[in-house]
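Take a look at the structure set out below.
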Amino acid sequence: MTSVLVYGAYGHTGRFVVSELRERGFEPILSGRDATKLPSGGRAASVDDPASLDRALDGAAAVINCAGPFAATAGPVLDAAARAGVPYVDVAAEIEANLDTFARDVDTVAVPAMAFFGGLGDLLATTAMGDWTAADEIHVAYGLTGWRPTAGTLAAGRVSRERRGSRRVRYAGGGLEYRDDALPTREWAFPAPLGTQPVLAEFSMADIVTIPRHLDVPEVTTYMTTAAAGELSAAGERDAAETFVVDVRVRAGGEERRIVARGEDIYAVTAPLAVEAVERVLSGRTKAKGVAAAGEIFDAPDFLRALEPHITLG
Ligand SMILES: NC(=O)c1ccc[n+]([C@@H]2O[C@H](COP(=O)([O-])OP(=O)(O)OC[C@H]3O[C@@H](n4cnc5c(N)ncnc54)[C@H](OP(=O)(O)O)[C@@H]3O)[C@@H](O)[C@H]2O)c1
């Protein structure tokens, strides 16, 4: 059986990833920094102790890093994967951590942001592009019925805000732009049954890093339903799962192409995204080497088809 190390295995997302690996016939090796939270057979390892990460990776064919904030974990876990010569996948939503990982030059395959935010939007945008080699604008609108964040999400948000000096960031004019003004608000016409909803525009998610990394497009904008963004800042327990619609529109020379994905539970759905990625990397179904975004390294339409029924397109 192929073993895959899950770092942050006892976190909310890590647990979904462990189950998904088991369902697909992999043997997950559970790892994290706190031995008391690991089951017997788990491998405690700290990002401050490279040798412990090397021991945790012994015999693993790949690693999925679910331990965030990734500002602290992505570098050391990727280093360990590179030393072991195995592929690295993470679910980081932190724009700064993703930028750091994409800046790395490693011999192994690494796919950062292989998750709901960052990975799915990129696969959808790449699919919508079809035979277009360039676009003028890409819009990724998140229609969430709510967003009860985990502690890990909130901590990642805090670290990201600190790293960018409390400024906001957007991707415009072919680059990242840091700004101090408020987010623009507007209405977005989601498909039924969600319909038209108020959204925060330039509510920047990891897609503003993953998409322009490999698609020729000067403007990438992400939007979030205002109600879901409000829940995020009110921050309670994650006591309910949301349903989602991701509405992606790609525009070039006055023409628009659109693709819509739907499903439930943005944390749960991250597991099939990350595990499908590992399965494809291990079976050589890749188009790139080194550090790459989902849409860059995988056959995006084929990948999306493989995600059904977790994610439905239409
Ligand atoms: N891109 C996306 O769509 C997406 C989707 C899901 C999750 N995520 C991200 O994934 C991360 C985890 O989310 P979650 O929902 O699983 O949160 P969670 O339930 O709070 O779990 C966080 C996990 O990270 C571990 N961790 C935190 N800092 C660590 C460090 N310095 N060293 C080792 N382990 C550390 C925690 O271990 P301890 O309990 O020992 O602290 C715990 O296992 C967050 O950053 C979140 O934003 C992104």
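Just to check your reading of the model, which residue among SER19, SER31, SER3 is polar (S, T, N, Q) and more than 15 Å from the ligand (Cβ to nearest atom)? Can you show your working first?
On the way: SER19 fails: more than 15 Å from the ligand (Cβ to nearest atom); SER31 fails: more than 15 Å from the ligand (Cβ to nearest atom).
Sole residue among the options that is polar (S, T, N, Q) and more than 15 Å from the ligand (Cβ to nearest atom): SER3.
Name the residue that is nearest to GLU20 (Cα to Cα), counting only residues in segment 274-314 that are part of a loop (DSSP other than H, G, I, E, B) and hydroxyl-bearing (Ser, Thr, Tyr).
Of everything passing the filter in segment 274-314, SER283 is nearest to GLU20 (Cα to Cα).
Taking segment 102-151 only, how many residues are among the aromatic types (Phe, Trp, Tyr) and within 15 Å of the chain's Cα centre (by Cα)? Break it down into steps so the answer makes sense when it comes.
Filtering segment 102-151 for residues among the aromatic types (Phe, Trp, Tyr) gives 102, 116-117, 132, 142, 147.
Adding the requirement that they be within 15 Å of the chain's Cα centre (by Cα) leaves 102, 116-117, 142.
Number satisfying all stated conditions: 4.
From the list ASP131, ASP107, pick out the single residue that is in a loop (DSSP other than H, G, I, E, B) and either in the same structural domain as THR210 (by TED's automatic domain parsing) or under 20 Å from ARG257 (Cα atoms) (or both).
ASP131
Restricting attention to segment 82-140, which residues are touching a Phe, Trp or Tyr at 6+ places or on another chain (Cβ under 9 Å) and aromatic (Phe, Trp, Tyr)?
PHE116, PHE117
Just to be sure I understand the filter: pairs with C-beta atoms under 9 Å, separated by 6 or more residues or on different chains, first member in segment 185-200 and under 17 Å from GLU264 (Cα atoms) and open to solvent by less than 40 Å² (accessible area, probe 1.4 Å), second member assigned to a loop (DSSP other than H, G, I, E, B) and at pLDDT below 95. Which pairs pass?
Every condition considered, the pairs that remain are PRO191/GLY314.
Give just the number: which of (1) within 16 Å of the ligand (Cβ to nearest atom); (2) open to solvent by 40 Å² or more (accessible area, probe 1.4 Å); (3) under 19 Å from ARG213 (Cα atoms) does GLY118 not satisfy?
(2) is the only condition that GLY118 fails.
Hey, can you tell me all the residues within segment 255-275 that are open to solvent by 10 Å² or more (accessible area, probe 1.4 Å) and farther than 16 Å from LEU144 by Cα?
GLU255, GLU256, ARG257, ARG258, ILE259
I'd like to verify a number: residues in segment 250-273 that are β-branched (Val, Ile, Thr) and assigned to a strand (DSSP E or B), how many? Reasoning before the result, please.
As a first pass, look at segment 250-273 and keep what is β-branched (Val, Ile, Thr): 250, 259-260, 266, 269-270.
Filter again for assigned to a strand (DSSP E or B), leaving 250, 259-260.
Total meeting the criteria: 3.
Go over the candidates GLU308, GLU276 one by one and state the one that is acidic (Asp, Glu) and either farther than 30 Å from ASP105 by Cα or in contact with a Pro (Cβ under 9 Å, 6 or more places away or on another chain) (or both).
GLU308
What are the residues in segment 6-50 that are surrounded by 23 or more Cβ atoms within 10 Å (Cβ to Cβ) and of a type in the set (Ser, Thr, Tyr), if any?
TYR7, THR13, SER31, listed by residue number.
Could you identify the single residue in ALA252, ALA234, ALA306, ALA294 that is on the phi < 0 side of the Ramachandran plot and open to solvent by less than 10 Å² (accessible area, probe 1.4 Å)?
Residue meeting the stated conditions: ALA294.
Kindly check whether there is at least one residue in segment 128-148 that is crowded, with 21+ Cβ neighbours inside 10 Å, closer than 17 Å to PHE203 by Cα and within 9 Å of the ligand (Cβ to nearest atom).
no
Being within 18 Å of ILE297 (Cβ to Cβ), assigned by TED's automatic domain parsing to the domain that holds VAL275 and out of contact with any helix residue (DSSP H, G or I) (no Cβ under 8 Å at 6 or more places or on another chain) is the requirement here; does ALA35 meet it?
Details: within 18 Å of ILE297 (Cβ to Cβ): no; assigned by TED's automatic domain parsing to the domain that holds VAL275: yes; out of contact with any helix residue (DSSP H, G or I) (no Cβ under 8 Å at 6 or more places or on another chain): yes.
So ALA35 fails the test.
Does segment 71-81 contain at least one residue that is open to solvent by 30 Å² or more (accessible area, probe 1.4 Å), in a loop (DSSP other than H, G, I, E, B) and either in the same structural domain as SER283 (by TED's automatic domain parsing) or farther than 16 Å from ALA155 by Cα (or both)?
no
Considering only residues that are among the small types (Gly, Ala, Ser) and over 17 Å from THR126 (Cα atoms), look in segment 276-291 and name the one that is surrounded by the fewest Cβ atoms within 10 Å (Cβ to Cβ).
First, pick out the residues of segment 276-291 that are among the small types (Gly, Ala, Ser): 277, 283-284, 288, 290.
Applying the additional criterion that residues be over 17 Å from THR126 (Cα atoms) yields 283-284, 290.
Numbers: SER283: 8, GLY284: 6, GLY290: 13.
That would be GLY284.
Quick check on THR101: is it touching a helix residue (DSSP H, G or I) at 6+ places or on another chain (Cβ under 9 Å), within 16 Å of ARG213 (Cβ to Cβ) and either open to solvent by less than 20 Å² (accessible area, probe 1.4 Å) or within 16 Å of the ligand (Cβ to nearest atom) (or both)?
Against the criterion (touching a helix residue (DSSP H, G or I) at 6+ places or on another chain (Cβ under 9 Å), within 16 Å of ARG213 (Cβ to Cβ) and either open to solvent by less than 20 Å² (accessible area, probe 1.4 Å) or within 16 Å of the ligand (Cβ to nearest atom) (or both)), THR101 qualifies.
The values are calculated or read from the model by the stated rules, or taken from the named source; none is laboratory data. In this text, all values refer to a predicted model and were calculated from it rather than measured experimentally. Positions of Cβ are backbone-derived with ideal geometry, glycine not excepted, and every protein chain shown enters the neighbour counts. SASA here: full protein model, heavy atoms, side chains in, ligands and nucleic acids out. Shrake-Rupley method; radii C 1.70, N 1.55, O 1.52, S 1.80 Å.
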